[in-house]
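Here is the structure we will look at.
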Amino acid sequence: MNTFKTTIEVAEAISTKDVKAFGTHSPEAPLAEMNIERRNITPHDIEIEILYCGVCHSDLHTARNDWGGTMYPAVPGHEIVGRVTSIGSAVTKLKVGDLAGVGCLVDSCKTCDSCKQDLEQYCLNGWTGTYNGIDKQSGGHTFGGYSEKIVVTGEFVLKVPSNLDLAATAPLLCAGITTWSPLRHWNVGKDSKVAVIGLGGLGHMAIKLAKGLGANVTLFSRTPGKEKDAIALGADAVIISTEETQMASVSGQFDLIIDTVPYVHDVNHYVATLNINGTLVLVGYLGGLEPVLNTVPLILGRKAVAGSVIGGIAETQEMLDFCGEHNIVSDIELIHMQDINDAYERMLKSDVRYRFVIDMASLKQ
Ligand code: NAP
Ligand code: ZN
């Protein structure tokens, strides 16, 4: 007998409740208030009242279907911090009243080789994104943190350090882990020379975390005027990437470059600044590169161009604990939920210093 349940059968088996949220029904429509259904907790779940939610450029890509495949209604938000309001009988990790965090991942198969190595973000059977993921438990698709509450399997909930400013901690759940994971994978430490391309949400966290690990850090920015900020965030140097002489001055220098640019751009300029054996890791733009990637400097310098997506749950907890110990948080601008459409326009103009965070109390007004 076939024991697999269809999505509809799963949905019927789990009771749900209505929750207030902010989302959109189409790529063109602005985000607006709506109601969504969250499952009532199962023995393995944690329910969290969302206090703050960061605004990632991926939220905008998803709301506007930049990558294709957005399921509507779409409720973005995967930089979630809040307080536990209810807990399933089998959960021992946290208790009601504790602070909790949820990042970009809410489920994975937990049995494949990747999951067994704590690399749920590379789950061979497909991980479930916090939004726009196929919800294996309730059916339908997942809704993110632009909402009052979220219900998540306990294993995918993070412990949040209590010594940090809570609103400024939210962006660690995506911008933090997405830059931490490559820094750790490529063994960045005090002898490393790291560069970061783009001073936005991910970029400013990459600077802080690389600095926290002891590296020498350079920022590449195309926006004159961000230099002072970059130095204040911890960068040792700033290169304006549109200035050829400045680019030439750092030729062959970096062990690792974290490229956070969200749109197509010429990666070859930056490959020239990699040291022998250096790696440029793309975390932003998804798609074909234009102009094409020239393999000559890769081959002649044993250089690599790689990619990386978010980080696993254990690694996210490691990053949060590191931030707690080193007092690292995001530089944020706190907004109301109702300001989200303006925030997206400002993000497109790189006019955010350096992460919008939504005060979710505004959704209750
Ligand atoms: P963001 O806050 O908008 O920052 C992006 C920065 O890139 C901007 O501040 C700007 O920096 C630079 N930039 C923007 N447009 C550019 C262009 N056309 N050409 C060159 N530089 C440009 O975005 P974010 O939230 O950090 O996200 C960055 C990207 O990472 C997005 O595509 C997002 O979807 C993706 N992302 C990936 C992962 C992952 O797991 N791999 C996780 C989260 C987000 P300057 O003004 O300094 O040049
Ligand atoms: Zn994100």
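Laboratory data are not the source of any read-out in this text; all were calculated from the coordinates shown. Here the structure is a predicted model, which is why all the values come from computation and not from measurement. FYI the Cβ positions are ideal-geometry reconstructions off the backbone, even for glycines, and counts take in every protein chain you see.
Details
- Selection from VAL151, GLY301, VAL271, by position along the positive dipole direction of the chain (Cβ): GLY301
- Prolate/oblate/rounded call for segment 170-277, Cα gyration tensor, a/c under 1.5 rounded: rounded
- Cα gyration tensor, segment 12-82 - rounded (a/c under 1.5), prolate or oblate: prolate
- The gain in end-to-end length when the THR223 to ASN163 segment is fully stretched comes to 18.3 nm, 0.36 nm per residue minus the alpha carbon separation.
- Here each label is just a point 7 Å from Cα along the line to Cβ, and for LYS95 and ASN327 those points are 3.0 nm apart.
- Greater than 26 Å apart at Cα, pairs in LYS190/LYS228; LYS116/LYS136; LYS17/LYS116: LYS17/LYS116
- Potential lengthening between ILE299 and THR85 on full extension [0.36 nm per residue; Cα-Cα distance subtracted]: 71.6 nm
- For the chain, the relative contact order comes to 17 percent (Cα pairs under 8 Å, sequence separation of at least 6).
- C-alpha long axis of helix 313-326 to longest principal axis of the chain, angle in °: 70
- Note on ALA314 and LEU348: the model spin-label points, each 7 Å out from Cα along the C-beta direction, lie 4.2 nm apart.
- Three-way shape label, segment 88-129, alpha-carbon gyration tensor, a/c 1.5: prolate
- Beta bridges from DSSP with both residues in the chain: antiparallel share about 55 percent, rounded to the nearest 5.
- Straight-line reach from LYS20: taking Cα to Cα under 16 Å and skipping same-chain neighbours fewer than 8 places apart, the lysines in range are LYS149, LYS364.
- The smallest convex shape that holds all Cα atoms of the chain, its convex hull, gives 144 Å³ per residue.
- The protection proxy used here, the mean number of other Cβ atoms lying within 10 Å of each residue, ranks peptides 75-82, 234-241, 106-113 as follows, highest first: 75-82, 234-241, 106-113.
- When the Cα atoms of segment 212-334 are aligned to their principal axes, the ranges along those axes come out at 43, 34, 27 Å in descending order.
- The length gained on full extension between LEU289 and TYR122, counted as 0.36 nm times the residue separation minus their Cα-Cα distance, comes to 57.9 nm.
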